[in-house]
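Encoded as structure tokens, the structure appears first; notes follow it.
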Amino acid sequence: MTPTPRRTVLTAAALAAVAAAASGSPAAAVPAGRRAADTAAGTVEYHAWTSAADWRAGTARGTALVSGDRSGILLRRSQGTIDYTDPHTGTTSAWEHAQWLSPEHRTDLPATELIASWNADTPAGTFVRIEARATYTDGTLSPWYTLGVWASGDEDLLRTSLNGQRDGVSSVWTDTVAIDDPAGPQRITGYRLRLTLHRRPGSTLTPVVWRVGAMVSDVPDRFEVPASVPGPAAGVELPVPRRSQNIHLGRYPEYNGGGEAWCSPTSSTMILEYWGRGPGAGDLAWVDPAYDDPQVCHAARFTYDYAYGGCGNWPFNTAYAASYPDMQGVVTRIASLTDAETLIAAGIPLITSQSFYEAELDGSGYGTSGHLMTVIGFTAAGDVIANDPASPSNAAVRRVYPRRQFENIWLRTKRYDANGVVRGGSGGVAYLFFPARVTVAQRAALAAVGVR
């Protein structure tokens, strides 16, 4: 489980209106101005820059294209030296830098949220800053919002998000740019992303960014989502290793102490192991040798967001996954369990974000305000097979959850907690990890959920 999910915070301004409108009926709880669509299809868009043509379409200020089988950008010519003060250590250091600026991407849908994600290599002595600037419905622009100061290591600075950024139209909540008044007229209709690559002065090392993109969405406020029927992955189960977050309870309090705080890195570890990736023995030398599954401790340390105070920053987890050779990771939203089945049928497991009280998910044995687990398959009847890290042991991680219950707790944006108070839901947030070179079937499955 993670600290309170961003969606809960993002919708806080609307909760009073939702509760008043509900009058005991969840179906009535759609704020004025929101589309009352009964499906998420057509309300999510993911766009990325990954190819040589994509990188050339942007504006390079000291960056250069990486040649070879996989395209990216690196720091070629320093554009000068800037100081960066680490907000968590107070240390100020000088860094050479270069920038790449994307063209403006005009969205296919007016959106209320934007979440960027990126894949990069950052050798020691380098880091990247990822920023976004939104275009609004009325043509005005947001400021440049910092969505991450990121490095795969923690030797030089502490990776961080930056809360408190706002302009009166939108605000940044950890990893999400959100329209402040989703019932109002303003939406995100376009955006640009900016990458600033840094290295120590005089160094010849450089970060390399392989992928940068963003998911925008305007998922309707809903307590219930339409039920899907079993599809292409009925009876398919992927051999994803099982890892429990709870066996790590109390370990490394500086990274939030294991247990319920480590659902995200534990889930990320499971999927990475499925793809044959993970830290080597040298990478794990710092972990107490008495601890089992040290790779989970590693993932917690290197996904930890020092501003968020936890390991649940969604893009930090996908960036961590992509720090391994030839891996990619994106944050997006998925429209239905049918789309999830398309991925499973192609051999791509996914990590899902959901919140619920115990009675809403038979067999869970717990409730949560925000939790990540992995979907690894479906029974012949279409129920969800999940590796749920909120389990007492690795052996107990595999669960079968009722299809209808799982689909609703994952895809809804509003819910009632066990005390009848209106809370938020993730609206179908998912992490996808996959190799740089996928099969034809996997490429088609990713395209079917909007990822290329």
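The values are calculated or read from the model by the stated rules, or taken from the named source; none is laboratory data. Here the structure is a predicted model, which is why all the values come from computation and not from measurement. With ideal geometry, Cβ positions are generated from the backbone for all residues, glycine too; neighbour counts draw on all protein chains shown.
The single condition from (1) modelled with pLDDT of 95 or more; (2) in contact with a Gly (Cβ under 8 Å, 6 or more places away or on another chain) that Ala335 fails is (1). Scan the range 329-348 for residues that are of a type outside the set (Ser, Thr, Tyr) and in contact with a Pro (Cβ under 7 Å, 6 or more places away or on another chain) and the total you get is 3.
Does the range 367-376 contain at least one residue that is crowded, with 18+ Cβ neighbours inside 10 Å, part of a loop (DSSP other than H, G, I, E, B), touching a residue at least 12 places away in the same chain (Cβ under 8 Å) and not basic (Lys, Arg)? Among the residues of the range 367-376, not one is crowded, with 18+ Cβ neighbours inside 10 Å, part of a loop (DSSP other than H, G, I, E, B), touching a residue at least 12 places away in the same chain (Cβ under 8 Å) and not basic (Lys, Arg), which makes the answer no.
I'm checking my understanding of the structure. Among residues of the range 244-260 that are outside any helix (DSSP H, G or I) and either outside the structural domain of Ser353 (by TED's automatic domain parsing) or not charged (D, E, K, R) (or both), which one is farthest from His88 (Cα to Cα)? The residue in question is Ser244. Of the strands (runs of 3 or more DSSP E) entirely within the range 385-428, those holding at least 2 residues that are within 15 Å of Leu372 (Cα to Cα) occupy 398-401. All of (1) out of contact with any Leu (no Cβ under 7 Å at 6 or more places or on another chain); (2) assigned to a loop (DSSP other than H, G, I, E, B); (3) more than 18 Å from Asp83 (Cβ to Cβ) hold for Ala120 with one exception: (2). Only one entry in Ala340, Ala359 is buried (at least 24 other Cβ atoms within 10 Å of the Cβ), assigned to a helix (DSSP H, G or I) and in the same structural domain as Arg398 (by TED's automatic domain parsing), namely Ala340. Looking only at residues in the range 398-442 that are surrounded by fewer than 16 Cβ atoms within 10 Å (Cβ to Cβ) and within 23 Å of the chain's Cα centre (by Cα), which one is farthest from Thr352 (Cα to Cα)? The selected residue is Arg437.
Among the residues of the range 94-136, write down those that are surrounded by 15 or more Cβ atoms within 10 Å (Cβ to Cβ) and more than 24 Å from the chain's Cα centre (by Cα). Selection gives Trp95, Glu96, His97, Ala98, Gly125.
Restricted to the range 42-82, the set of strands (runs of 3 or more DSSP E) holding at least 1 residues that are surrounded by 20 or more Cβ atoms within 10 Å (Cβ to Cβ) comprises 44-49, 63-66, 72-75. In the range 155-169, of all residues being among the charged types (D, E, K, R) and within 18 Å of Pro201 (Cα to Cα), the one that is surrounded by the fewest Cβ atoms within 10 Å (Cβ to Cβ) corresponds to Glu155. Within the range 62-73, residues that are among the β-branched types (Val, Ile, Thr) sit with their Cβ atoms under 7 Å from residues that are crowded, with 18+ Cβ neighbours inside 10 Å and not in a strand (DSSP E or B), at 6+ positions apart or across chains, in these pairs: Ile73/Trp55. Taken over the range 380-397, the criterion of being in contact with a strand residue (DSSP E or B) (Cβ under 7 Å, 6 or more places away or on another chain) and surrounded by 17 or more Cβ atoms within 10 Å (Cβ to Cβ) is satisfied by Gly382, Asp383, Val384, Ile385, Ala386, Asn387, Asp388, Pro389, Ala390, Val397. Of the residues Gly282, Gly278, Gly190, the single one that is of a type outside the set (Phe, Trp, Tyr) and over 23 Å from the mean Cα position of the chain (by Cα) is Gly282. Going by the conditions given, is Val330 closer than 19 Å to Ile409 by Cα, modelled with pLDDT of 95 or more and either assigned by TED's automatic domain parsing to the domain that holds Gly213 or buried (at least 18 other Cβ atoms within 10 Å of the Cβ) (or both)? No.
For the range 261-294, taking the residues that are without any contact (Cβ under 8 Å) to a residue 40 or more places away in the chain and part of a helix (DSSP H, G or I), the one that is surrounded by the most Cβ atoms within 10 Å (Cβ to Cβ) is identified as Thr269.
Note on the range 193-229: residues that are in a strand (DSSP E or B) and under 19 Å from the mean Cα position of the chain (by Cα) total 12.
For the residues Ser364, Ser323, Ser353, the requirement of being part of a strand (DSSP E or B) and either over 27 Å from Asp218 (Cβ atoms) or touching a strand residue (DSSP E or B) at 6+ places or on another chain (Cβ under 6 Å) (or both) singles out Ser353. Considering the conditions (1) touching a strand residue (DSSP E or B) at 6+ places or on another chain (Cβ under 9 Å); (2) surrounded by fewer than 20 Cβ atoms within 10 Å (Cβ to Cβ); (3) not basic (Lys, Arg), Gly148 is excluded by exactly one of them, (2).
Yes or no: the range 406-420 includes at least one residue that is free of Cβ contacts under 8 Å to residues at least 40 places away in the same chain and in the same structural domain as Gln354 (by TED's automatic domain parsing). Within the range 406-420 (the criterion being free of Cβ contacts under 8 Å to residues at least 40 places away in the same chain and in the same structural domain as Gln354 (by TED's automatic domain parsing)), the answer is yes, since at least one residue qualifies. Every listed requirement among (1) surrounded by fewer than 17 Cβ atoms within 10 Å (Cβ to Cβ); (2) on the phi > 0 side of the Ramachandran plot; (3) touching a residue at least 12 places away in the same chain (Cβ under 8 Å); (4) not β-branched (Val, Ile, Thr) is met by Gly250 save one, (3).
When Thr50, Thr39 are screened for being modelled with pLDDT under 95, touching a Ser or Thr at 6+ places or on another chain (Cβ under 8 Å) and within 24 Å of Ala430 (Cα to Cα), only Thr39 passes.
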